[in-house]
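Structure first, commentary second.
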Amino acid sequence: MPGDASQGKAVPVKPRLTREQIAQRAARELTDGAYVNLGWGIPNLIAEYLPKGITVHFHSENGILGMGPRAKPGEEDFDQVDAMKVPVTLIPGASFFHQADAHLMTRGGHLDVAVLGGFQVSEKGDLANWKIPGAKGSGGIGGAMDIAAGAKTLIVCMEHTTKDGASKIVKQCTYPLTGLACVDVIVTDLAVIDVKPEGLVLREVAPGWSAEEVQKATGAPLIAKSRVAEITFV
């Protein structure tokens, strides 16, 4: 499949992973003891799906280290929220601090992993996730540039295509950039893809999808083994 960027060909109409399933699959990329920042959207769901037996210290730019899952209905404390203003729980040993210190953590290379949403990711791992040209408003960069540059590993969670069917994984980003060559892993509703020096390596495909079908929905060449594993959920 190297060199075969098939965007524009008919993409099968099949079930895709839900946003919750994308988050669940991305959670399996995290390791025990890691310090992890979760971005808005799909990444913010990940804390609900940590594999059993591991502890992850989730970081929020508004000044929390040690977040747990979102608070259950009826158990919310609105003085204890994440950067999306969503009430969250805490794990033992959690701490609070000034927002300026929270951003120093992202800029200083103290995060093992960051998980962000994305509008586009290029075959070189460039990320665009804060502004869609022509959309209303000025966009919302937030701390994404600092996070993308400062995290040791960057995972992007997003749908594979737009509502109009255009691929979000492209040879070159056409949206305003968040960071250059910063993405390590892409988890979408169709696939898990590793960004390597040799290109985009297709690691897993959604249930019922083939590597060839995923390639048709992708705007850049994918490198695939003879048999690509299927995403599974335990």
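The values are calculated or read from the model by the stated rules, or taken from the named source; none is laboratory data. Remember, it's a predicted structure, so these values are computed and weren't measured experimentally. Backbone-built Cβ (ideal geometry, glycine too); neighbour counts: all protein chains shown. The accessibility values were calculated without ligands, DNA or RNA, using every heavy atom of the protein model including side chains. Shrake-Rupley method; radii C 1.70, N 1.55, O 1.52, S 1.80 Å.
Springs join every pair of Cα atoms under 10 Å in this Gaussian network model of the chain, and among GLY142, GLY74, GLY63 the largest mean-square fluctuation is at GLY74. Take ALA94 and LYS14, extend 7 Å from each Cα along the Cα→Cβ direction, and tell me the distance between the two endpoints in nm. Spacing of the two 7 Å Cα→Cβ label points: 4.0 nm. In the full protein context, the chain carries 49 Å² of accessible surface per residue, based on a 1.4 Å probe and ignoring ligands, DNA and RNA. Of the peptides 93-99, 156-162, the ranking by mean beta-carbon count within 10 Å, highest at the top, reads 156-162, 93-99.
Subtracting the Cα-Cα distance of GLU48 and LYS136 from 0.36 nm times their residue separation leaves 28.5 nm of extension gain. Note on the chain: helix-only mean residue ellipticity at 222 nm, from DSSP H runs of 4+ residues weighted -39500 (n - 2.57) and normalised by residue number, equals -3500 deg cm²/dmol.
The per residue volume of the convex hull around the alpha-carbon atoms of the range 50-138 is 169 Å³. Charged neighbours of ALA229, selected by a Cβ distance under 11 Å, balance to +1 (K, R count +1; D, E count -1). Under 12 Å from the Cα of LYS124, which aspartates and glutamates turn up, not counting those fewer than eight places away in the same chain? Straight-distance partners of LYS124: ASP184, ASP194, GLU198. For the modelled label position 7 Å from the Cα of VAL234 along Cα-to-Cβ, which residues of the range 42-86 have backbone nitrogen atoms closer than 12 Å? Within reach of a label on VAL234: 50-54.
Give, rounded to the nearest 20 debye, the magnitude of the charge dipole that the chain has about its Cα centre when Lys and Arg contribute +1 at Cβ and Asp and Glu contribute -1 at Cβ.
Using only the charged Cβ atoms, the result is roughly 620 debye.
What is the antiparallel percent of DSSP beta bridges lying wholly in the chain, to the nearest 5? Of all bridge pairs located within the chain, approximately 50 percent are antiparallel. Considering only protein heavy atoms and a probe of 1.4 Å, how much of the accessible area of the range 99-214 is carbon and sulfur, as a whole percent? Percent of accessible area from carbon and sulfur atoms in the range 99-214: 54.
The residues packed around ALA100, meaning those with a beta-carbon under 15 Å from its beta-carbon, carry a net charge of -2 if Lys and Arg are +1 and Asp and Glu are -1. The alpha carbon convex hull volume per residue for the chain rounds to 137 Å³.
The portion of the accessible surface of the range 1-92 made up by carbon and sulfur, rounded to a whole percent, is 53 (1.4 Å probe; DNA, RNA and ligands excluded).
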